[in-house]
Structures are given as C-alpha cells and as structure tokens.
Amino acid sequence: MSQPLADLEWVLTSPSLVDDPRALGAVPFDANEVDVEHLEAFMAERGEHRVGRYFEHLMHYWLAHVRKVDVVEVGMQIIDADRRTLGEIDFLYRDEQGELTHCEVAVKFFLHYPNEAGSHFPGPAARDNFERKANQLFDVQLELSQEHVPDVTKRVGIVKGRVFKQVGAPEPADLPDRMNPACLGGAWVSERDVANLDTFGDVGFHFVQKPHWFAPLHDAQIVSRADFLAQLNDHFDGPAYPVMVSLRDSDGTEAERCFVVPNAWPGT
C-alpha cells in the first residue's frame with residue numbers, strides 16, 4: 001500500500017482523540033475505492049513536511065475525492081470590520097444531505113505527565129496540552145461560524161492522534177474532560193530511561209520522520225538496538241527535542257509507537 005493511502009486509512013479509521021457530540025470518530029473506508037495515483041499526485045503537489053498540514057491535506061482529499069462532497073471553502077479567513085483576522089475556518093462544505101457544514105480538523109500527540117499545576121497531558125512541545133487544544137477547537141474555532149457564516153447548519157470536529165503513557169508509570173487516575181478513553185495510545189521514556197524499552201522484548205527500531213507520524217512506514221529502515229542507541233545518542237547531542245520511534249517485531253509489524261524525550265522534558 002502506498003504511504004499516503006496508508007496514512008489516509010489511518011486518519012479515517014482511527015478513533016477520535018476527543019469525546020464530544022460534535023466529534024467525528026472512525027468512518028468506513030475502502031482503500032480499493034481510492035485512485036492511488038491521484039491521491040499521491042494530490043499530496044506530492046502540496047509537498048508538506050509539517051504533520052498538522054499533512055493531516056489537513058488528507059482531510060481535504062477525503063472530503064473532495066472520496067466522499068465527493070461540495071467543498072465550498074478551504075482555510076477561510078474570518079476578518080472583522082476593522083480588517084483584523086479573527087481566525088480561520090478549516091473547511092466549509094455541503095454534505096450529502098446538502099447541509100452547509102463547518103469542519104475543523106487537527107491531529108495531536110500528547111504525553112501523560114502528572115503535574116502539580118496545569119495539564120497532565122502536554123505535547124512533545126510542552127507549551128501545548130490536550131485541554132488547551134480541545135477547548136480551542138470546540139469552544140472557539142467551531143464557534144466562528146455562528147456569527148460569521150450564519151448559513152452553517154452543522155459543525156463537526158475531526159481530531160485524531162495518540163496519548164503516550166510513560167513506561168513503567170501507573171495508568172492515569174483521571175482523564176481530562178473531552179479526552180476519549182478509547183483513543184490510540186503509545187509509550188514514552190526519557191533519554192536516561194531508554195533501557196525501559198526492553199519491556200517490549202526483542203524488537204527493531206525505526207525513527208519516525210515527519211510528516212509520516214500516522215500509519216507505520218512500509219519501507220521503514222529498521223535498525224538493531226545497538227544502532228538505535230548510537231543514533232539516539234547522536235540525536236540528543238544536538239537539539240534537545242523529542243523523537244518518535246516505531247518499535248517493530250521480527251516480521252516488521254509495529255509492536256508499539258513511542259516517544260523518547262530529553263531528560264529535561266517537559267522543562268525544555
């Protein structure tokens with residue numbers, strides 16, 4: 001399967017990251033109904049490296065070329081009378097019943113990190129967190145059309161991603177409002193505790209590169225534990241940012257998705 005097709009399947013069939021009446025969860029998807037060459041050309045034309053924008057392009061393709069709804073606007077700027085930008089609407093489209101729909105989309109990754117103050121679910125860039133993103137999308141972004149596009153009759157949020165739990169740490173006692181307990185998961189370790197990945201057994205390692213943070217890469221370069229540790233050491237000699245890793249069984253199947261974070265995270 002081509003990587004864009006595998007990524008499209010992942011974003012459509014994975015559960016929602018949020019639990020909200022307006023959130024769209026997994027939807028039926030038949031890969032055989034997709035023109036793979038057309039999808040690959042569509043994505044290649046946009047040449048996106050950023051994970052969030054890559055996700056938006058996949059959602060655009062799904063709406064326009066899989067669902068084949070009438071996409072009215074993409075990235076619609078909302079500007080007030082004083083020419084100030086108030087925000088942006090990701091998609092306006094007429095659904096299969098002809099209803100004008102405002103759709104906001106996002107893909108996010110959060111790590112469980114119990115904190116004395118603030119969120120227990122920061123992102124790899126710790127200034128981000130689950131509550132802030134969920135509240136922004138459902139309480140702010142989806143509300144833009146209430147006043148500025150009054151013809152909208154339906155509002156939908158599509159939020160996919162994963163929540164990573166620290167290897168060896170207790171399960172979260174409580175989840176924040178709107179977090180879907182059935183969302184996709186993963187594991188995380190700090191650089192100093194990377195030996196804890198031994199708990200996953202005799203696995204190979206693949207460093208996951210942006211923007212392909214969704215479905216496992218089919219032609220992944222899988223390295224041994226020794227090579228993984230050497231490359232990881234080189235990585236943390238440079239910019240101290242988290243790295244995503246795919247742990248692979250002997251047949252290449254993904255056993256776990258993992259973040260390795262700098263020892264100073266989330267203080268970095």
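Some observations on this one:
- A169 vs. criteria among the hydrophobic types (A, V, I, L, M, F, W, C) and at pLDDT below 95: yes
- Contacts under 9 angstrom Cβ, first residue in segment 75-94 being over 11 Å from R155 (Cα atoms) and of a type in the set (S, T, Y), partner assigned to a strand (DSSP E or B) and at pLDDT 85 or above, 6 or more apart: T85/Q77; T85/I78; T85/I79
- Counting only residues that are exposed (fewer than 15 other Cβ atoms within 10 Å of the Cβ) and not charged (D, E, K, R), segment 92-134 holds 7 of them.
- Here F42 fits the description: over 23 Å from L144 (Cα atoms) and not in a loop (DSSP other than H, G, I, E, B).
- Positions within segment 205-221 being out of contact with any Phe, Trp or Tyr (no Cβ under 6 Å at 6 or more places or on another chain) and under 19 Å from L17 (Cα atoms), in sequence order: H212, W213, P216
- Boolean, N263 is touching a Ser or Thr at 6+ places or on another chain (Cβ under 9 Å), at pLDDT below 95 and farther than 25 Å from T13 by Cβ: yes
- Residue match in segment 96-110 (condition: within 21 Å of D219 (Cβ to Cβ) and out of contact with any Leu (no Cβ under 6 Å at 6 or more places or on another chain)): no
- Candidate set from segment 138-183 (those that are part of a helix (DSSP H, G or I) and of a type outside the set (A, V, I, L, M)); member that is surrounded by the most Cβ atoms within 10 Å (Cβ to Cβ): S145
- Condition check for R46: under 21 Å from P211 (Cα atoms) and of a type in the set (K, R): yes
- Scanning segment 214-247 for residues that are in a strand (DSSP E or B) and within 25 Å of G52 (Cα to Cα) returns V243, M244, V245, S246, L247.
- Residues that are in a helix (DSSP H, G or I) and hydroxyl-bearing (S, T, Y) are absent from segment 105-121.
- Subset of segment 57-93 that is in a strand (DSSP E or B) and of a type in the set (D, E) - its residue that is nearest to C103 (Cα to Cα): D90
- Summed over segment 210-267, the residues that are within 26 Å of A126 (Cα to Cα), exposed (fewer than 14 other Cβ atoms within 10 Å of the Cβ) and touching a residue at least 40 places away in the same chain (Cβ under 8 Å) give a count of 4.
- Within segment 122-137, the set of residues being closer than 14 Å to V163 by Cβ and part of a loop (DSSP other than H, G, I, E, B) comprises G123, P124, D128.
- Segment 184-213, subset part of a helix (DSSP H, G or I) and of a type in the set (V, I, T), residue farthest from the chain's Cα centre (by Cα): T199
The values are calculated or read from the model by the stated rules, or taken from the named source; none is laboratory data. Just so it is clear, the structure is predicted and the values come from calculations on it, not from any experiment. Every residue, glycine as well, gets a Cβ built from its backbone with ideal geometry; the counts of neighbours run over all protein chains shown.
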